[in-house]
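Quick notes on the structure that follows.
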Amino acid sequence: MATPAAQLRPSRAESHRNDRPDLLVRWLLFVAGMVVTIVFVGGITRLTESGLSITQWQPVTGALPPLSEEAWLAEFAEYRATPEYRYEAAVTGMTLADFKFIYFWEWFHRFIGRLIGLAFALPLAWFWVRGMVPAGYKLRLVALLSLGALQGAFGWFMVRSGLSGQMTDVSHFWLSVHLLTALFTLAGLVWTALDLRYLARTGTNRPSRLHGWALVAGIVLFVQLLFGAWVAGLNAGLVSDSWPLMQDRFVPEYGSANGVFHAVTHDPFLIHWIHRWWAWVAFFALLLFARRVKPRDRRASIAVNALLGTQMVLGIATVVTGVALWIAVAHQLVGALLVAAFAWAANVQGRPVDSVAQPAAARS
């Protein structure tokens, strides 16, 4: 007959089952870190005007950069046929060495995207075959994988928008779709990892829900991210290097001949102004949200507050420095980290109070 101590001690099989969600948590957080990295590199790619340097979408053969001088010259010839080269780069002058620089950043951006796809798809297949995916998570993980695939497609649609006609830049609408899909995927990875961590700690399969203050703050943050993407796509950060006023006015002059809605979605002066001042709406919405989260998880609240303050300072610094490269890239990086921190805090807020307290009790 088993002793009481032996009865309380989990079997080897039970211990293995309890370890499975933790393994998935580490995997998802690793992939989330890769998404943050690609957002960072994407910012460099955009700010160095490198995004249109590769004119073909070759998911497999494009994994390697040109390996001979002839191959480099062929790539350069294709780039010279783009509107960006004809109307901008050719005017200022571009050598093959200059082209190799911008080509590297676009290639590196796409290469990281390929790595993310492999880092998600291959372990997912292994977990799936081994029966390690908990009930209710298969569809969610497949959805995250699908978002990653869409991200690659949206990236190509974005690039293609700048390769024809008279446009010397990509469509700011496609840029926003590309960036926001990446950030939504990042939030989904963090959220799913936290749900699995809760399962691993408590043995209770109860996913969190987005509602209440988290939903309101999330919508406000989404609007700010949308206008930030449009600012990047239209180079609207360059229309003013003064703060808080623009053109010595609170509200700058902007083109309204086609109506207010067209101005809100196309005019760089108005879009810059909205992004600048909606930031304060987002600041106070997230600040209040973080205060509500603090009693449940102080670390999540601190993360939101710290990144929020840093992001505001970097946003102002980006403006007054005339969009200095590394400050602007840091602004985009911290924006991605803020999205991850928001997903963390919102996941905590989305659980019943007794569920939030349960993991600590289970460990005692």
Using only the alpha-carbon atoms, how far is helix 212-233 inclined from the longest principal axis of the chain? Give it as 0 to 90 degrees, nearest 10.
30
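Ignoring ligands, DNA and RNA, please state the percent of accessible area on region 64-106 from carbon and sulfur, probe 1.4 Å. Before the final figure, lay out the partial values.
Details: 1570 of 2450 Å².
Heavy-atom surface of region 64-106 belonging to carbon and sulfur, 1.4 Å probe: 64 percent.
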Listed candidates [x] 88, 53, 31; [y] 70, 39, 36; [z] 127, 43, 35 - label of the one calculated as Cα extents along the principal axes in Å:
[x]
Residue-normalised value, i.e. accessible area per residue, for the chain at 1.4 Å probe, in Å², stands at 50
Net charge around ALA90, counting only other residues with Cβ within less than 11 Å of its Cβ (Lys, Arg = +1; Asp, Glu = -1)?
0
Of the options LEU210, LEU180, VAL170, report the single residue whose Cα projects farthest towards the positive end of the charge dipole of region 139-212 (beta-carbon charges: Lys, Arg +1; Asp, Glu -1).
LEU210
At a 1.4 Å probe, what is the % contribution of carbon and sulfur to the accessible area of region 218-318?
67
Relative to the first principal axis of the alpha-carbon coordinates of the chain, what is the inclination of helix 69-80, with its axis defined by its Cα atoms, in degrees from 0 to 90 and to the nearest 10?
70
Given a cut-off of under 8 Å on Cα pairs at least six residues apart, what relative contact order in percent is computed for the chain?
21
For TRP72, what is the net charge nearby, where nearby means another residue's Cβ is under 13 Å from its Cβ and Lys, Arg count +1, Asp, Glu -1?
-3
Once all protein chains are kept in place, ASP241 shows an accessible area at probe 1.4 Å, nearest 10 Å², of 100
Helix 138-161: angle to the longest alpha-carbon principal axis of the chain, degrees 0 to 90, nearest 10?
0
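The values are calculated or read from the model by the stated rules, or taken from the named source; none is laboratory data. Everything numeric in this text was worked out from a predicted model, so none of it was measured. Counting neighbours? That spans all protein chains shown, and the Cβs are built from the backbone with ideal geometry, glycine included. These accessible areas exclude ligands, DNA and RNA; they are computed on the full protein's heavy atoms, side chains included. Shrake-Rupley method; radii C 1.70, N 1.55, O 1.52, S 1.80 Å.
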